[in-house]
Structure formats: structure tokens, C-alpha cells
1. Within segment 134-182, which residues are of a type in the set (Phe, Trp, Tyr) and touching a His at 6+ places or on another chain (Cβ under 9 Å)?
2. Looking at Tyr238 and the list (1) under 19 Å from Leu176 (Cβ atoms); (2) modelled with pLDDT under 90, which single condition is not satisfied?
3. Can you name the condition, by its number, that Ala83 falls short on among (1) crowded, with 16+ Cβ neighbours inside 10 Å; (2) over 18 Å from the mean Cα position of the chain (by Cα)?
4. Let me confirm something: among Ala220, Ala194, which residue is touching a helix residue (DSSP H, G or I) at 6+ places or on another chain (Cβ under 9 Å) and either surrounded by 22 or more Cβ atoms within 10 Å (Cβ to Cβ) or closer than 21 Å to Ala129 by Cβ (or both)?
5. I'd like the residue in segment 141-174 that is small (Gly, Ala, Ser) and either touching a strand residue (DSSP E or B) at 6+ places or on another chain (Cβ under 6 Å) or surrounded by 15 or more Cβ atoms within 10 Å (Cβ to Cβ) (or both) and, out of all such residues, is farthest from Met191 (Cα to Cα).
6. Filter segment 1-41 for residues that are loosely packed, with under 14 Cβ neighbours inside 10 Å and among the charged types (D, E, K, R) and give the result.
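The values are calculated or read from the model by the stated rules, or taken from the named source; none is laboratory data. Bear in mind that the values here come from a model prediction, so they are computed numbers and not experimental data. Cβ atoms come from the backbone with ideal geometry, glycine included; neighbour counts cover every protein chain shown.
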Amino acid sequence: MIALYGTLALVLLGYASFWFILSLIFKRNDIADVAWGLGYVLVMAYCAYHFPLNDRALLVYVLVSLWALRLSIYIGLRNRGKAEDFRYKQWRDDWGKTFYWRSFLQVYVLQAAILLLVSSPVLVVATSAEAELTFVSGFVTALWIFGFYWQVVGDVQLAAFKKRRKHKEEVLKTGLWKYSRHPNYFGEILMWWAMFLIVLPLQNWSFAVLSPVLITWLLARVSGVPMLEERYKDNPAYQDYKARTPALFPRFKR
């Protein structure tokens, strides 16, 4: 496992460098968000080529590919024809003369490192000889599908809301967004915990726990909820919404 992590670290470093060069050409760092999903496809392609395919590995590859490709396509279409995402634009302004090397290290190389750790369930299942799927595998897959539903529907509802809202201060409070302020993030967290449970019976399962723990921490405490909500700190409507609605885990109430 350690050797596989080392090899993939080099592969992903080259992948990160490629996307960094593209960011310089297009003059926007938010293409890193498109690269995020496609990077998992690269990891799975490497594992599928170098390790025997079994039923459990096939299940993981299909689920992660479905999530990764959908996310990259969604973000690519969302950003097309628009200015650079405000988070990356803020870093561009803050970093000044150090922008180029900090972009490479703090956006692309760091993303590659995180991607490698989050891919741990893929690496665990690829290197395992235990292939049999069980009833529990089916139950956990259903849990993953539920998380996928929350992410996809949350994204669709948000995209539709942005097209019909009358001003940028308006807040989405309907659909899945009435149960939590970030249902798409909740869906992603749920998917990666389900992915961990799929590989839990396998020998090297302990490596896989890195994945959901890291995703949960990033979305809840670092680059997800905090950065987005900082943008609305002076919006009274959002602050009222925040006081009534949980950030991630939905609260179903009448």
C-alpha cells in the first residue's frame, strides 16, 4: 500500500502540474475544481490497469466514476462564460507577487495530496483479493445513492434558484435547502462515509478511514462551509436563515 501511495503521488504531481499550466494559459485557477473530479478517474484508471478487477472493486470504480464525472461536468458547465470563482479571485488578489508559486503549491499540489488521501478506498479495494459482495454491501450502496441524490438535487436546485432570483442577496430556503444550508456538501460527506463502509471488511480498511474524515473536516471546517458563509456575513436574510437551519446535517421539522 505504501509503495502504491508513493507511485500515485508522482502520477498526481504530474497531473497537478498539467492543470497548473492550463490555469496560466486561461488565467483562472478555478479550473482546479474541474480537475478535482477528473483526478479520481485517473487514479481508478491506474488501479484498474495494474490490479485484477473484482466485484467489490468494480462497484467502487462505478460509484466513484459516477460522482467524479458528474461533478467535473457540472462545475465546468457552471463556470463556463463566467468570471473566476470568488474564492480563487480573492487568493489572486491576496497573494500578489507570490501568486504563481503559491498557486502551484497551495492549489494544485495540495489538491493532488488531498486527492490521493481521499482516494484511499479506491486503493484499498484495488489491492484486495476479497471480492465478494454481501447484503451489507447493498445496504451501504443504497446509503451512497442517497448521498448522491442530495448532492445532485441540491446542485440542481441551487442552479435553478440562481437563474430566477431577483437580486444576489436573496437566499434559497426551499427544497433540500430548507433542511440544511449546504445539502450538496452533506451528500458528499455521506457518499465518502458510505465508500469507507464498502471497503471496511477488507484487510487494509484502516487506510480508507482517511477519506471520509478528511472530506468531512475540509467541507465543515476549511474550504466548504466557512468560506462560503463568510461571503454572506453581512446579509441579514442569510443570517436569519443560518439561525434557523443547520449547516450540514439536515433537520426534518414540520
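1. None; the set is empty.
2. Result: Tyr238 passes all but (2).
3. (1)
4. Residue meeting the stated conditions: Ala194.
5. Applying the filter and picking the extreme gives Gly154.
6. If the condition is that a residue be loosely packed, with under 14 Cβ neighbours inside 10 Å and among the charged types (D, E, K, R), then Lys27 is the only one that fits.
Quick grid of which residues meet (1) outside any helix (DSSP H, G or I); (2) under 16 Å from Leu117 (Cα atoms); (3) touching a Leu at 6+ places or on another chain (Cβ under 7 Å):
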site	(1), (2), (3)
Arg181	yes, no, no
Gly187	no, no, no
Leu202	yes, no, no
Ser206	no, yes, no
Val213	no, yes, no
Trp217	no, yes, no
Met227	no, no, no
